[in-house]
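Since the structure comes first, as structure tokens, the remarks are kept for the end.
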Amino acid sequence: MEAYLEKPQPPAIATSRKTGKWKKIKQQKILYLMILPAFLCTLVFAYGPMFGLYMAFTNYSPGGGSFFESFFRSEFVGTQWFRYFFDNGDFYKIMRNTLAQSLLSLLIGFPAPILLALLINEVSGGLFKRFVQTVSYLPHFISWVIAANIIVTLLSSQGAINELLMALHLIDKPIQFLQNGHAFWGIIAVSNTWKDMGFNAIIYLAAIAGINPELYEAARVDGASRWRQMWNITLPSLKPTIVILSILAVGNVLNAGFDQQYLLQNTTVLEYSDVIDTYTYRYGLQNGMFSYGAAVGLFKSVIAFILVVAVNAWSRKVNQQSLY
């Protein structure tokens, strides 16, 4: 009877797993050494500055001494700056503009690289295929300063867009695109799509290259057309990549951008162009309200974190696929 009452000894699974992990690390030490510089850069430039989030809860004002002396001696005010952001009249406008521009960019810009990758994959000519790829992802490497000047030139009163519309007799007089606040959201969405569509398509092209060619051969034997092969083989194979990138895209929904808005906006459309990043820059740096700018930035980061966690959990439950 005593034998049955004895507590069973736990198996040494945890120890063996720990030993196996260290053995694996030792075997792949070269790979870990290769990622060490990237890890250190992330630690220094991404996680190191996070101590500055304390500024969002203080009334920071640069003093005559060192930065750290002024930083840690600032008056602690708790959530005062967050309440100020929520209570003033700018909150609704800033959130409306940020969400509108981000969601429009997501609606237009997310399916665009998928469609482009599918079309490029169907091109049989090798030289023409490489040419299209190069031309499509080239705008990604253009600075927003140059890209904004191109967009302003195209949309000006005597720009190519107005000239084309007037030549087709679709309009009688030039449209002032960049003076129309309601058109600004669409201009930002189309500009973001044009700039990043080709570069983002590279990810989907890489995923398409990893699809087993035997699936296409079997489909051709069964008489499937190119369209049916794309619909029944290529798109389902891209589903894991699409899910991961969609989770990351939703996490950036409050990150509408800064460069494009700052370079394309003017006082006429400020009511529709001002987003969280430009608002933080104007109040935090130009007006010297450092703590207020830090509070607004922290609010954006917290909401983005919550969105990523929520969408990742939903995707894991519905699609059995997730980011982590």
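All of the numbers you see were taken from the coordinates with simple rules; none came from a lab. Model, not experiment: these values are computed from the prediction. FYI the Cβ positions are ideal-geometry reconstructions off the backbone, even for glycines, and counts take in every protein chain you see.
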- Can you give the Kirkwood hydrodynamic radius for region 25-71, in Å, rounded to one decimal and based on Cα pairs? 13.5
- Tell me which label goes with the value of volume of the Cα convex hull per residue in Å³ computed from the coordinates here: [x] 290; [y] 352; [z] 119. [x]
- Which cross-chain or sequence-distant (5 or more) residues have an amide H under 5 Å from the amide H of Thr58, H modelled 1.01 Å from N in plane? Val77
- Short version: ³J(HN,Hα) in whole Hz for each residue of region 98-105, in order, from phi by Karplus 6.51 cos²θ - 1.76 cosθ + 1.60 (θ = phi - 60°), x for Gly and Pro, what are they? 4, 5, 4, 5, 5, 5, 5, 5
- Task: Please report how far the C-alpha centroid of region 293-308 lies from that of region 194-271, rounded to the nearest whole angstrom.
- Result: 26
- Query: Along the three principal axes, how long is region 186-305 when you take its alpha carbons, biggest first, rounded to the nearest angstrom?
  - Reply: 68, 30, 18
- Per the 1/(1 + (r/R0)^6) rule, R0 = 51 Å and r from the Cβ atoms of Gln286 and Val318, FRET efficiency to 0.05 is 0.70
- Expected max-MSF residue from Tyr279, Tyr92, Tyr32 in the GNM of the chain (alpha carbon, under 10 Å) is Tyr32
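Could you tell me which of rounded, prolate or oblate describes region 65-137, using a ≥ b ≥ c as the square roots of the eigenvalues of the alpha-carbon gyration tensor, with rounded for a/c under 1.5 and, failing that, prolate when a/b is larger than b/c and oblate otherwise? Before the final figure, lay out each step's value.
Working: a/c = 6.22, a/b = 2.38, b/c = 2.62.
It is oblate, given that a/c is not under 1.5 and a/b is not larger than b/c.
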- Item | Nitroxide proxy distance, nm - points 7 Å out along Cα→Cβ at Ala183 and Ser237 | 4.3
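Test of understanding: what is the full-extension gain from Thr134 to Asn59, defined as 0.36 nm times their sequence separation minus their Cα-Cα distance? Spell out each step's value before the answer.
Values: separation 75, 0.36 × 75 = 27.00 nm, distance 4.98 nm.
Additional length available on full extension: 22.0 nm.
For Ser70 and Ala160 in one chain, what is 0.36 nm times their gap in residues minus the Cα-Cα distance, to one decimal in nm?
Details: separation 90, 0.36 × 90 = 32.40 nm, distance 5.30 nm.
Computed gain between Ser70 and Ala160 is 27.1 nm.
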- Query: ³J(HN,Hα) across region 258-271 via Karplus (A = 6.51, B = -1.76, C = 1.60, θ = phi - 60°), whole Hz, x for Gly/Pro?
  - Reply: 9, 4, 5, 5, 5, 7, 9, 7, 8, 5, 5, 10, 4, 4
- Step through the residues of region 189-203 one at a time and calculate ³J(HN,Hα) from phi using the Karplus curve (6.51 cos²θ - 1.76 cosθ + 1.60, θ = phi - 60°), rounding each to whole Hz and writing x for Gly and Pro. 5, 5, 5, 4, 5, 4, 6, 10, 4, x, 5, 5, 5, 4, 4
- Message: Under a crude label model (7 Å from the Cα following the beta-carbon direction), how far is Ala224 from Phe45 in nanometres?
- Response: 4.3
- Message: When a/c reaches 1.5 or more, the comparison of a/b and b/c decides; with that in mind, is region 215-282 rounded, prolate or oblate per its Cα gyration tensor?
- Response: prolate
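Once you have the Cα-Cα distance between Asn266 and Met34, take 0.36 nm times their residue separation minus that, and quote the gain in nm to one decimal.
On the way: separation 232, 0.36 × 232 = 83.52 nm, distance 4.58 nm.
Gain in length upon complete extension: 78.9 nm.
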- Query: Points 7 angstrom from Cα along the Cβ direction at Leu307 and Phe199: gap in nanometres?
  - Reply: 1.9
- Based solely on its DSSP helices, what 222 nm [θ] is calculated for the chain when runs of n ≥ 4 H residues each add -39,500 (n - 2.57) and the sum is averaged over all residues, nearest 500 deg cm²/dmol? -20500 deg cm²/dmol
